[in-house]
Structure formats: structure tokens, C-alpha cells
There are 2 protein chains.
Amino acid sequence: VSASARPYHHGDLRAALLDAADTLLDQGGDGAVSLRECARMAGVSPTAAYRHFADKEALLAALAARHFEAFRDALAPAAASARGRAYVRFALARPGRFRLMFGPLLARAPAHPVLLAAANAAFADLNARTGSRDGALRAWALVHGLAHLLLDRAIPGGEDPEALVARLLGGS
Amino acid sequence: VSASARPYHHGDLRAALLDAADTLLDQGGDGAVSLRECARMAGVSPTAAYRHFADKEALLAALAARHFEAFRDALAPAAASARGRAYVRFALARPGRFRLMFGPLLARAPAHPVLLAAANAAFADLNARTGSRDGALRAWALVHGLAHLLLDRAIPGGEDPEALVARLLGGS
């Protein structure tokens, strides 16, 4: 038994693989994640990792589901006026995670029930709190667009993102 | 001289490589683009392709610049009330292109002058047409967020995107 071959309980290895994937995602986006590298980082064989995730897409779907749960937790305590700022703060703190959650994978969520459930729970929270359905969608789109444009550094001026978001979301 | 070794004028090969990259982008996103495969599709050696683009990032930056120009042209004729719909229509028609334009590459645009200039020209158009700076930013974020959420299929209900956009952007 080599030093790196640590024993895992079933759920622990799954969590360790997701932790490794998070590290790779934060460093280089989803293109930097591989199941083989996650196995290496967790100190197990690729075969052991494939027992938990059929392929890279399954690993990323489980990871996105985990982050939708964290996203929901991050927004839950915020008052309505602060929720937009919490949303943008979540995106800017971990761009790789936000881009994974809201990216091509999300459009394929119906193939990944765990991701679909986690995303829908988060979206239901976002849309349940405001008055009309259209009002809620409009507020969501505004804060989501701001998060993306700030991530992309598309907004000129170099203003502090938190100050900008507070002003734009606070009403004019 | 093999059948695939067609002669190109300098600018024509550059355009042919970008056309090939577009095909790959539309099929599988930016992860599917490689300079080597673009060279193969254009019928030239990888070495010939590298004379135009130092690496994949340079190729993608030139491609994103091309699409920012097309984006600007698509929005220019639209009246203010129709611009939001034209914006979302552009995104939904070619998701791979929109995700490339508004993605991690954009945050690195300062390293790619051609992309930076094309993006800034498009953004200046978007922000010049409305009254206040904050009002313009708010309108931009709203339509940009809608485009992303529709691309990601994050909005439940299965409503026709054009109808949804027209209603949300028309003000309520």
C-alpha cells in the first residue's frame, strides 16, 4: 500500500473527488477538470473514481448541483434588497463555479436529475419572493446579467462592483 | 501537390481558418476548436495556420472580434424598442458564438487588441443610446441576463423566447 492509497468510505471518496474537481475548476475552469486528475489528487485509481462518476460530464453535473445548493444557502438569509448583491458576490467570488452552474451544462440538466433538482430549487426560491412572475423574472435577469458582465469585465469604468450593483439594484 | 493543398492569398487563408473555427464552435463550443483541425479543414498544414495565429487563444480572440462586429451590425438598425429582442435573437441563433464573445476570453481582451477594440465599439453603441449611464447599464444587464438564462434553459415554463423577451423588455 503506497502512501497515497488512502482508504475511503463510499461517500467520502465521492466528496473527495468533488473537492478535487473544485480545486481544478477554480484554477482553470471546467476545461481543466478531468476525472483521472481528480482520482490522482484523491489518491485513488481512475477505476475507483469511475465507480462514482461515469464520465467527466457526470462529475461536473454533481459539482454544479453542489454549488446550486451553496448558492441557495448564500441567498436564503438575504433580505430582498440585499439578495441581488449576494447573487453578484457569489458569482465574483468563484467565477469558475458560477460559469459552470450557468453554462451549457445547465441546458443539459434534464439528463442529470440531481443537478436538475438543485437548480430548480434555487430558481424556485429566486422567483417565489417577488410579486408578479414577470417582475421576478425581470429582477433575476437584471442581476444575472450584471453578474456575467462584471465577470467578463465588460462594464467600463473600473468602478467597485459592490457599489455599482448596490446602485443599479437599489432602484434609480 | 495534393488535392487538398489549395493556394491561398494571405487574407483568404486567415478568413478560411476563421470560417473553419466557426463551424467547430457552432458544433461543440470553444472546447471543440483546435488550430490543427482548422488547418486540416482549410486544406493547409498546421505550420501555415500558425503563421496567422500564434495559438488557439489568438484564433478564438480573432473569432470573437469578428462576432462582435456582426453583433454590432445586427443591433445597429434596430430601433430602441427592438434592440433588446435583436440582442436575445443573436444569442439564441448561435449559442456557441455568444458564449465565446461573453466568456472568460473577454476578461482577457486587454491581451488581444483586435478583440478589445471590437468589443468596446459594440459596448459603446449599447451604452450611448439611452439617457443616463445607469439606465443604459441596467437595460444592458437585463437583456444580457435574459439572453444567458434563455440559452441555459433556466427559465421554466417553455414559453416562446421571443414573446417572453418582448413582454419583459416592453416595460410593465
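Bear in mind that the values in this text are calculations on the coordinates, not laboratory data. Quick caveat, the model's predicted, so the values are computed rather than measured. Counting neighbours? That spans all protein chains shown, and the Cβs are built from the backbone with ideal geometry, glycine included.
Measuring between their Cα centroids, the stretch A:33-98 and the stretch B:73-112 lie 27 Å from each other.
Please give the Cα centre distance for the stretch A:139-172 versus the stretch B:143-172, rounded to the nearest Å. Spelled out, the Cα-based centre of one part sits 19 Å from the other. What separates the A:SER81 label point from its copies, with the point 7 Å along Cα to Cβ, is 3.5 nm, written shortest first. Each copy carries a label point for B:ASP12 at 7 Å from Cα toward Cβ; from one copy, the others' points are 6.6 nm away, ordered from shortest. To test your reading of the geometry: what angle, between 0 and 90 degrees and rounded to tens, separates the Cα axis of helix A:113-128 from the longest principal axis of chain A? Value to nearest ten degrees: 20.
Compared with the dominant principal axis of the Cα atoms in chain A, helix A:10-28 is inclined by about 60°. Residue-level result for chain B: its Cβ closest to the axis carrying B onto A, with that distance in Å, is B:GLY145, 1.
Between B:THR23 and B:TYR50, the modelled labels are 2.3 nm apart [label points 7 Å from Cα along Cα→Cβ]. This ranking places A:THR47, A:THR23 by how few other beta-carbon atoms lie within 10 Å of each, fewest first, which gives A:THR47, A:THR23. Pairs of alpha carbons in the stretch A:1-130 separated by more than 27 Å make up 23% of all such pairs. Distances between equivalent label points of A:ALA117 across the copies, with each point positioned 7 Å along Cα→Cβ, amount to 5.4 nm, shortest listed first. Remark: spin-label model distance A:GLU57-A:ALA79 equals 4.5 nm, labels positioned 7 Å along the Cα→Cβ axis.
Once the Cα atoms are used to define both axes, helix A:56-75 deviates from the longest principal axis of chain A by about 40 degrees.
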